[in-house]
Each structure stands twice: as C-alpha cells, then as structure tokens.
Amino acid sequence: MDTIILDMRDGIEENGIHRAGEILKSGGLVAFPTETVYGLGADALNAEAAAKIYQAKGRPSDNPLIVHIADVEALDRIAAKIPEEARKLAKAFWPGPLTMIFQKTPTVPYGTTGGLDTVAVRMPDHEIALALIRSGGGYIAAPSANTSGRPSPTTAQHVAEDMNGRIDMILDGGHAGIGVESTIVDLSGEVPMILRPGYINRAMLEQVIGPVEVDPTLLSATAKGRPKAPGMRYKHYAPKADMMIVEGEQEAVIRKINELVKEELSRGGRPGIIASDESRARYHQGVIRSMGSRSDELSISGHLYEVLREFDTENVTKIFSEAFDTPDMGMAIMNRLMKAAGHQILQV
Ligand code: TXA
Ligand code: MG
C-alpha cells in the first residue's frame, strides 16, 4: 500500500480533510497530529477498521483504544453513565490533553475497547484533528501512531518511519506541541484516579473536582498490583540502548554522569547523554542531547520522544539521563523516562 502524505503545516486544507474523512468512513487508516502526539485513526464504531490499527502497530489486541470526539454532545452516544465530575472536567479541559474512562454503550464495539465494558474518550485540541474527526464520522479511535514498543511520534516523519506502507494516509501538521500523551483519568470508581500522567496534572484536576488519586504503580517498579490502564503494563518507549536516570542535586548529577560516561568510553562503548539547555555545556564526551530548558517544561516534554528516537539511530550503547522532576509536568515526564529506563534510577 502506498501511504499518501498531505502537508498541512501551513494550515488546514479542506480538500485533503475531505479525502482523509472518506478513507476513515470506508474503514481505512489515517495518521494525524494532535496537541500531544500523532494518532493513528480509524472509525471507532467499525470493529473491522479498529482491527486494522492493531495490525499496523503490532499492538496486543487486549490494549484498548481511545475514542476521539469533536464535540461534547458526541459523548452521550458512546458513554453510558456520565458522572457530574466528568461534565466538569470536560468543561474545564476539553478540547485538550485529557482522556476520561466511562462505561461504554453497546454502540462501541469490543474491538475498539480491547474487550472491556469501559471506553476511553478524549477531545483533542488541534484544528486538523477536530476537522478530521468531523469529516470521518465523529468517532475516531486513535492510539499513538508508532509501532508498538517504540517512542510515540511527535512529527509526521516519525510516523512515516514506523508506518510507511502500512496505512493509507498521514496528515502532516508539523511538530506535536506537548510531546507526551494525554492524562488518563478513571471516574468509574469512588475516587477519581489518574491512570496515566500528562500535561493536565493532579493539581489542575483537583482544582475542578476535589481529591484525585494516582495509580500507585505509575512511578515505582516495586509497587504491588497491575497498572489499571492495560497499555501501561507493556514495556514501552524503550530505546535500543540500556538507559539509566541519575537523580539528585544538579552538580552531583553532572559529576556522576561525567564519571559514568568515562567508564562507558573506557569499555569501548558509545555513551549517550540526556541533558538540559542549562547543563549541556558541562558534558564533553559522548553523544550529548538537550531535551530543552528547565524553565520551559513544554520544551522538555516536547523533545523527549524525539531524543529517544535519535539515540536509536545514533547506535549509542548506554544512555545516561538527568532526572526532570519539574514542578508541573514532572510526573508525566519522569513516568515516560522511567519506562524508557526500565526503572533504572541512581540517586546521588
Ligand atoms: O494523547 C493521547 O492520548 C494519544 C493521542 C493520539 O490522542 N493517544 C494515545 O493512545 O496515547 P494510546 O493507545 O497510545 O494509549 C492509550 C492508553 C493505553 O495505555 C490504554 O491501555 C489506555 O489508554 N486505555 C484505553 N482505553 C482504556 C480503558 N477503557 N480503560 C483503561 N485504560 C484504557
Ligand atoms: Mg501509545
């Protein structure tokens, strides 16, 4: 199959959106930009179309998809019980990087929910995504548009690397701004619970609906129990090289990473370093990449997956990363880094 790439970096193009919508309505696959990462879209109400997503990604079939909608009214057709908190959160954060879990209606096929009786829903804050959802029938299932196990794509080039020849179309909307996937909140229990941290953090949610819990398995490898979002159970976002995070006071971290880099070089390896704009000049050997500035958290989240992808092509043998416990997005950024590092963290 030839994958068509439509360039919409300079703005939305109605004709292209119409073509993409027709592909979705006839059961095909279209990748598109959102404000978080690129999604791989299919008609969420068509089980056969959803099945193609699993095939293209090599995704385990019990890992459910998020249904993307373009207006709040669309929710009633797919969600059976909509708690008051959900209405409040939708009002506060949609369109935006927040996914909520609901009891599903029979309209949503089990092929979309990985066999679950619940459905994850979000309304993305991106004009190309919203136009595509409307044009494609209103309900678009879309996981991140990467091959299962690779870092999520933040550019159309990343999508093409993984999906060329496997899907019908890619809409190029330039760089996806936030760079890490949406926050997932489960409202089906007594207390709302964050199943995946993202740009919308705990404090932001609590301001709207009061106390919110965090799935205890998210940040620690040793927490008992299984993560509640099936996708969080799989090994994810793993670069080819072994990765170690070094956490502590800034000067101590820089010293330790420089030491580890020397050791790796003396073993004949090719070390990679994940630094920040502030620390970059303090490293002198190895493949050095800055994620962004610590005073601009979105620059860090926005480059995280790109940097991991780059290290794969650079064939580094070991990656040493600074920790990024930043005030607002720290939980989201560290969650992805910890997964990439297989929870290897060194305190200094
Ligand atoms: O930002 C995002 O959410 C991106 C963009 C494309 O919208 N999408 C995304 O989808 O990250 P995906 O498939 O890569 O991640 C969806 C996560 C998985 O961990 C999945 O297990 C979880 O959401 N999930 C989906 N439906 C669920 C459900 N009913 N209950 C619990 N977890 C669910
Ligand atoms: Mg994903």
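Report, by residue number, each residue of region 46-96 that is more than 23 Å from Pro192 (Cα to Cα) and touching a Ser or Thr at 6+ places or on another chain (Cβ under 6 Å).
Of everything in region 46-96, those that are more than 23 Å from Pro192 (Cα to Cα) and touching a Ser or Thr at 6+ places or on another chain (Cβ under 6 Å) turn out to be Ala50, Tyr54, Lys57, Gly58, Arg59.
Does Glu251 qualify as being at pLDDT 95 or above, over 29 Å from Thr34 (Cα atoms), of a type outside the set (A, V, I, L, M) and outside any loop (DSSP other than H, G, I, E, B)?
yes
Condition check ((1) hydrophobic (A, V, I, L, M, F, W, C); (2) assigned to a loop (DSSP other than H, G, I, E, B)) across all residues:
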| site | (1), (2) |
| --- | --- |
| Glu85 | no, no |
| Phe102 | yes, no |
| Gly111 | no, no |
| Ala120 | yes, no |
| Arg150 | no, yes |
| Ile167 | yes, yes |
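May I ask you to list the residues in region 139-151 that are in contact with a helix residue (DSSP H, G or I) (Cβ under 7 Å, 6 or more places away or on another chain), within 10 Å of ligand 2 (Cβ to nearest atom) and closer than 12 Å to Ala31 by Cα?
Result: Pro143, Ala145, Asn146.
Does region 53-76 contain at least one residue that is assigned to a loop (DSSP other than H, G, I, E, B), open to solvent by less than 10 Å² (accessible area, probe 1.4 Å), in contact with a helix residue (DSSP H, G or I) (Cβ under 9 Å, 6 or more places away or on another chain) and over 28 Å from Gln103 (Cβ atoms)?
No, there is no match, as no residue in region 53-76 is assigned to a loop (DSSP other than H, G, I, E, B), open to solvent by less than 10 Å² (accessible area, probe 1.4 Å), in contact with a helix residue (DSSP H, G or I) (Cβ under 9 Å, 6 or more places away or on another chain) and over 28 Å from Gln103 (Cβ atoms).
Just name the residue that is least open to solvent (accessible area, probe 1.4 Å) out of those in region 146-160 that are in contact (Cβ under 8 Å) with a residue 12 or more places away in the chain and out of contact with any Phe, Trp or Tyr (no Cβ under 9 Å at 6 or more places or on another chain).
Residue satisfying both the conditions and the ranking: Ala160.
Pick from Leu346, Leu260, Leu265: which is of a type in the set (A, V, I, L, M, F, W, C), in contact with a Phe, Trp or Tyr (Cβ under 6 Å, 6 or more places away or on another chain) and open to solvent by 10 Å² or more (accessible area, probe 1.4 Å)?
Details: Leu346 fails: in contact with a Phe, Trp or Tyr (Cβ under 6 Å, 6 or more places away or on another chain); Leu265 fails: in contact with a Phe, Trp or Tyr (Cβ under 6 Å, 6 or more places away or on another chain).
Only one candidate qualifies: Leu260.
For region 291-314, check the following and say yes or no: at least one residue is of a type in the set (S, T, N, Q), modelled with pLDDT under 95 and under 22 Å from Glu161 (Cα atoms).
Within region 291-314, one or more residues are of a type in the set (S, T, N, Q), modelled with pLDDT under 95 and under 22 Å from Glu161 (Cα atoms).
Considering Gly165, Gly177, which residue is out of contact with any Asp or Glu (no Cβ under 6 Å at 6 or more places or on another chain) and either crowded, with 23+ Cβ neighbours inside 10 Å or among the small types (Gly, Ala, Ser) (or both)?
Checking each option against the conditions leaves just Gly165.
Given the structure, is Glu48 in contact (Cβ under 8 Å) with a residue 40 or more places away in the chain, among the acidic types (Asp, Glu) and either crowded, with 20+ Cβ neighbours inside 10 Å or in a helix (DSSP H, G or I) (or both)?
For Glu48, the condition - in contact (Cβ under 8 Å) with a residue 40 or more places away in the chain, among the acidic types (Asp, Glu) and either crowded, with 20+ Cβ neighbours inside 10 Å or in a helix (DSSP H, G or I) (or both) - is met.
From the list Pro109, Pro143, Pro197, exactly one residue is touching a residue at least 60 places away in the same chain (Cβ under 8 Å) and within 10 Å of ligand 1 (Cβ to nearest atom). Which is it?
Pro143
The values are calculated or read from the model by the stated rules, or taken from the named source; none is laboratory data. For clarity, every value in this text was computed on a predicted model and none was experimentally measured. Because the Cβ atoms are built from the backbone with ideal geometry, glycine has one as well, and the counts that use them run over all protein chains shown. Heads up: the accessible areas ignore ligands, DNA and RNA and are worked out on the full protein's heavy atoms, side chains in. Shrake-Rupley method; radii C 1.70, N 1.55, O 1.52, S 1.80 Å.
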